[in-house]
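Novice: One structure follows; several queries about it will come next.
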Amino acid sequence: MDNPRTHAIAIHICADVDTTGLHRTWPPPFASHDTLARARRICERAGVADQHTLAGGLATTAVLLDALGRAARALGDDGLLVISFAGHTERGEGPIETTRWCLVGGGVPLAELADHLARLPAAARIVIIADTCYAAAIAAVLHGPQR
């Protein structure tokens, strides 16, 4: 018997505590919890039952990349992945690919995030909701078949 594949998954990242920039620590973003709540409601109303929240101490690079790996294995060929991120983004010292979502204990470069998204099934759809500075930078680095 084949494993049933999931039609839709949402991963919500609320990086509001102990987020770290390369040169300084910033105060928590004011609207991150509101953004998370709104994204969860939107997904719920759209029929996305499989929702995961990475907040507080769970908003780390390792946990996020693990969640993306699990999503890549679980999503069906025509699946939908919704990622919402509310937190700080740091521009980085190089090309746009070095821009990082700031997470607890560090951050994830957008190039690494794009590499993980490229592992999703080829026909999968991706929706990214980014409540952050440099929000549109992710669009410049995506390179998978879902672009």
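The values are calculated or read from the model by the stated rules, or taken from the named source; none is laboratory data. Everything quoted here is computed from the prediction, not taken from an experiment. In this analysis, Cβ positions are derived from the backbone assuming ideal geometry, glycine residues included, and neighbour counts consider all displayed protein chains. We work out accessible area using only protein heavy atoms, side chains counted, and drop any ligands, DNA or RNA first. Shrake-Rupley method; radii C 1.70, N 1.55, O 1.52, S 1.80 Å.
Novice: Between residue 78 and residue 41, what is the FRET efficiency for a Förster distance of 22 Å, r being their Cβ-Cβ separation, to the nearest 0.05?
Specialist: Taking R0 as 22 Å, the efficiency between residue 78 and residue 41 is 0.40.
Novice: At q = 0.13, 0.16, 0.28, 0.29 Å⁻¹, what log₁₀ I(q)/I(0) does segment 77-147 have when each alpha carbon counts as one equal point scatterer in the Debye sum?
Specialist: For the requested q values the scattering log ratios are -0.35, -0.53, -1.34, -1.39.
Novice: Measure nothing fancy, just the Cα-based angle from helix 61-74's long axis to the longest principal axis of the chain, in degrees from 0 to 90, nearest 10.
Specialist: Value to nearest ten degrees: 10.
Novice: Using a 1.4 Å probe over the heavy atoms of the protein chains, calculate the carbon and sulfur portion of the accessible area of the chain as a whole percent.
Specialist: Using a 1.4 Å probe with all protein chains present, the chain comes out at 55 percent carbon and sulfur.
Novice: Search the structure for amide H atoms under 5 Å from the amide H of residue 12, placed 1.01 Å from N in the peptide plane, and list their residues when 5 or more places away or on another chain.
Specialist: 52, 53, 54, 84
Novice: Now for a separate question. Which angle from 0 to 90°, rounded to the nearest 10, does the C-alpha axis of helix 32-45 make with the longest principal axis of the chain?
Specialist: Its long axis makes an angle of about 10 degrees.
Novice: Count the DSSP beta bridges whose two residues both fall in the chain, then state the antiparallel fraction as a percent rounded to the nearest 5.
Specialist: Bridges in the chain that DSSP calls antiparallel: roughly 30 percent.
Novice: A further question follows. Ranked highest first by the average count of other Cβ atoms within 10 Å around their residues, in what order do 40-46, 107-113 fall?
Specialist: 107-113, 40-46
Novice: At 1.4 Å probe size, with every protein chain present, just tell me what the per residue accessible area of the chain comes to in Å².
Specialist: On a per-residue basis, the chain sits at 51 Å².
Novice: Which value results when the Cα radius of gyration for the chain is divided by 2.2 N^0.38 Å?
Specialist: 1.00
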